[in-house]
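K.L.:
Sharing a structure below in structure tokens format, with a few things to ask.
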Amino acid sequence: MALAVRFHDQRPEDAERSLREEVLAGFAGQPKATPPKLFYDRRGSELFERICRQPEYYPTRTEELILARAAHDIADLAGQGASLVELGSGASRKVRLLLEAMQPASYLGIDLSEDFLRASTQRLASDYPALEVHAACADFSRPLTLPDGFDGAHPLAFFPGSSIGNFDPPEALALLANLHELLPEGGGLLIGVDLVKEREVLEAAYNDRAGVTAAFNLNLLERVRRELDSDIEPDQFVHRAFFNEAASRIEMHLVSPRAQEVAIEGERFRFAAGESLHTENSYKYSLEGFRELAGRAGFRPLTQWTDPQALFSVHYLQRTRAGLTPPAACGA
Ligand code: AVI
């Protein structure tokens, strides 16, 4: 019989800007842009799960392959008695590979989406009855603390899926600095990072032939129509994803092929023909580039693994005593 999940509400007081505020600010911006977290309502989360199974979307299966091969080395690096802290879901096969190799006594899942967090941690608690399961509802782009009652003496933090890639470099550095604060000296951070590669491979991954990524992107506008007072017509926009090589990122946009005006919550927004709403960046790193970023946040890269085609990487970083290095001081 599984133990109950210990739930910790660590949402900041001023929590999140509401969908309404994010959308109005994003459509009023120049250029128009919304944060990628707006994708993940129930339908968006389901579509993302489907993206992960598309043949062109290599990150999920490649990271799983890397983890399956490296799981025992990771367990050795984390050491006996390590606990596991996962940033994000808990729903995936990836964390199960680690749980089986490490056999930790306790697990903490951190996510902002309470429903998703409760469901995924409950599943882990029933599948691993000996595991003490904690769930913290928190925003990991803000400073974090380990909740009371969680054994944080030797934690390994796990941040899979190259979710770090959805943060612009200064935000990615701030996020790594938050994780540095969370961990004790010597603590480990295992992080999945997507790598720079040929444009064709990258662009195919965000333009799958079945149209699932397009549906995921357009669901943002469907969400605006469903949840806000708006006359926006999603079929008057088209999905566009391309590799911006200079910035080393995939950009996703919703393009208005013709001039149009849309109303949202009583405000009107004009789109010129060809103008877009920028919905996501997904940064792609070189191995050295990511190690340098991690070093600036006070992590020492111990080991990294890639697949034979060097599509994706998983890094084991160790938290050092040093904190954030300002860019000027490290020559970046
Ligand atoms: C969640 N994140 C790492 C995905 C990515 O690849 O940037 C989100 C995604 N967007 C389109 N496809 C997948």
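The values are calculated or read from the model by the stated rules, or taken from the named source; none is laboratory data. Everything numeric here is computed off the predicted structure, so don't read it as measured data. Here the Cβ positions follow ideal geometry from the backbone for every residue, glycine too, while neighbour counts run over all protein chains shown. Please note that ligands, DNA and RNA were not included when accessible areas were found on the heavy atoms of the full protein model with its side chains. Shrake-Rupley method; radii C 1.70, N 1.55, O 1.52, S 1.80 Å.
K.L.:
What is the magnitude of the charge dipole of the chain about its Cα centre, with +1 placed on the Cβ of each Lys and Arg, -1 on the Cβ of each Asp and Glu, and no other charges, expressed in debye to the nearest 20? Working shown, then result.
P.N.:
Numbers: 35 positive and 49 negative charges, 95 e Å.
Once rounded to the nearest 20, the dipole reads 460 debye.
K.L.:
List the aspartates and glutamates whose alpha-carbon lies under 16 Å from that of LYS32, not counting same-chain residues fewer than 8 positions away?
P.N.:
Candidates past the 8-residue exclusion: GLU21, GLU22, GLU251, GLU261, GLU267, GLU275, GLU280.
K.L.:
Hey, another quick one. Just for the chain, what percent of DSSP beta bridges are antiparallel, to the closest 5? Don't skip to the end; give the middle numbers.
P.N.:
Working: 34 of 58 bridges.
Once the DSSP bridges in the chain are tallied, antiparallel ones form about 60 percent.
K.L.:
Using θ = phi - 60° and the Karplus form 6.51 cos²θ - 1.76 cosθ + 1.60, what ³J(HN,Hα) does each residue of the range 17-28 get, whole Hz, x for Gly and Pro?
P.N.:
5, 5, 3, 4, 5, 4, 5, 4, 5, x, 6, 7
K.L.:
Hey, if you put +1 on the Cβ of every Lys and Arg and -1 on every Asp and Glu Cβ in the range 1-156, which of ILE74, LEU38, TYR58 ends up farthest toward the positive end of that dipole?
P.N.:
TYR58
K.L.:
OK, next. Before I look further, what does the chain give for accessible area per residue, probe 1.4 Å, in whole square angstrom?
P.N.:
Details: 15070 Å² over 332 residues.
In whole numbers, the chain has 45 Å² accessible per residue.
K.L.:
Just want the answer: with Cβ charges of +1 for Lys and Arg and -1 for Asp and Glu, which residue in TYR285, LEU254, GLY298 is farthest toward the dipole's positive end in the range 189-309?
P.N.:
GLY298
K.L.:
Give me the orientation-averaged projected area of the Cα convex hull of the range 127-280, in nm², one decimal. Intermediate results must be reported in sequence, preceding the final value.
P.N.:
Working: hull surface 53.7 nm².
Spelled out: convex hull of the Cα atoms, projected over all directions, averaged, 13.4 nm².
K.L.:
Mind checking which lysines have their Cα closer than 21 Å to the Cα of LYS37? Skip sequence neighbours fewer than 8 apart in that chain.
P.N.:
Those lysines meeting the cut-off are LYS284.
K.L.:
Roughly how far apart, in whole Å, are the Cα centres of the range 129-160 and the range 189-264?
P.N.:
For the range 129-160 versus the range 189-264, the Cα centre distance is 32 Å.
K.L.:
Further question on the same structure: Where the eigenvalues come from the Cα gyration tensor of the range 47-125, what are the semi-axes √(5λ) of the equivalent ellipsoid, largest first, in whole Å? Spell out each step's value before the answer.
P.N.:
On the way: eigenvalues 96, 70, 13 Å².
Semi-axes from the Cα gyration tensor: 22, 19, 8 Å.
K.L.:
If you place +1 on the Cβ of every Lys and Arg and -1 on the Cβ of every Asp and Glu, how big does the dipole about the Cα centre of the range 1-155 come out, in debye to the nearest 20?
P.N.:
500 debye
K.L.:
Among GLY187, PHE167, ALA210, which residue has its Cα furthest toward the positive end of the charge dipole of the range 155-218, with +1 on Lys/Arg Cβ and -1 on Asp/Glu Cβ?
P.N.:
Positive-most Cα among the choices belongs to ALA210.
K.L.:
Can you list, largest first and rounded to whole Å, the semi-axes you get for the range 235-328 by taking the square root of 5 times each eigenvalue of its Cα gyration tensor?
P.N.:
Rounded to whole Å, the semi-axes are 40, 18, 11.
K.L.:
Roughly how many percent of the accessible protein surface of the range 227-268 is carbon and sulfur, given a 1.4 Å probe and a whole-percent answer? Don't skip to the end; give the middle numbers.
P.N.:
Details: 880 of 2070 Å².
Looking at the range 227-268 in its full context, I get 43 percent from C and S.
K.L.:
Could you give me the percent of Cα pairs per 20 Å distance bin for the chain, shortest bin first, beginning at zero and ending with the bin that holds the maximum distance?
P.N.:
So the P(r) values, bin by bin, are 30, 58, 12, 0.
K.L.:
In debye to the nearest 20, how big a dipole does the range 231-289 give about its Cα centre with +1 on each Lys and Arg Cβ and -1 on each Asp and Glu Cβ? Walk me through the intermediate numbers first.
P.N.:
Details: 6 positive and 11 negative charges, 42 e Å.
That gives a dipole near 200 debye.
K.L.:
Counting other Cβ atoms within 10 Å of each Cβ, which trypsin sites (Lys or Arg not before Pro) in the range 2-106 have at most 14 and sit in a DSSP loop? Don't skip to the end; give the middle numbers.
P.N.:
Numbers: sites: ARG6, ARG17, ARG20, LYS32, LYS37, ARG42, ARG43, ARG50, ARG53, ARG61, ARG69, ARG93, LYS94, ARG96; in loops: ARG17, LYS32, ARG53.
Within the range 2-106, the qualifying trypsin sites (Lys or Arg not before Pro) (loop, at most 14 other Cβ atoms within 10 Å) are ARG17, ARG53.
K.L.:
Just check the range 101-176 against the gyration tensor rule for me: Cα atoms, a ≥ b ≥ c as the square roots of the eigenvalues, rounded for a/c under 1.5, and otherwise prolate or oblate depending on whether a/b exceeds b/c.
P.N.:
Working: a/c = 1.89, a/b = 1.65, b/c = 1.14.
It is prolate, given that a/c is not under 1.5 and a/b is the larger ratio.
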